[in-house]
1. Cut-off is 10 Å between beta-carbons; in what order do GLU103, GLU51 appear when sorted fewest neighbours first?
2. Would you please give the residues with an amide H less than 5 Å from that of LEU74, counting only those at least 5 places away or on a separate chain, with H modeled from the backbone geometry?
Amino acid sequence: MSSDLGTRDHHATGAIAAAALAFAIGLGAILAAWGFQLIGGYLPCQLCYQERIPYYLGLPPLALGLWLAANGRLRGFARGLLLLSGAIFAAGFALGGYHAGAEWGFWPGPSDCGGGMLPPASADDLLGQIRSTRLVSCTEASFRLFGLSFAGWNVVASATVAVLAFVGARNLRRA
């Protein structure tokens, strides 16, 4: 009996560790994206903005699932939240993979990718917007680190977060 309790505690601890690491990596990735944009001056393309959505949607249920698991509450619900977060980040992995593939020329990127403009109030506003708008292509990497673009690093981060969330959910089931 005590061996069974030790195994359950081990699985619960593993679930909490996996979920915490997933959350830390996900939060670090989205903060890095914002940092490169705001501090580094890198302008995101349309796909870059879309690749942030899984972070905005996936981190809150991941945090709640982590909190519930760490407090030993509603483990079934916590497991569901981790599975949901894992699925959201798996979708982020697919979107990042599409973007990275378009950057490498494996397939065409979206035909409408570029900078957006607000509706102009007047013709002068329209001309001003046209002059100041910088189009950012979804098929050209603006930065590479160790051979990977921002989209490539998003693939790595999203896959890691998804796998860790699924591992946490599996361990919660065993706890």
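Taken together, the values in this text are just the output of simple stated rules run on the coordinates, not laboratory data. Remember, it's a predicted structure, so these values are computed and weren't measured experimentally. Ideal geometry is used to build each Cβ from the backbone, glycine not excepted, and the neighbour counts take in all protein chains shown.
1. Taking fewest neighbouring Cβ atoms as first place, the list is GLU103, GLU51.
2. Hits under the 5 Å cutoff: none.
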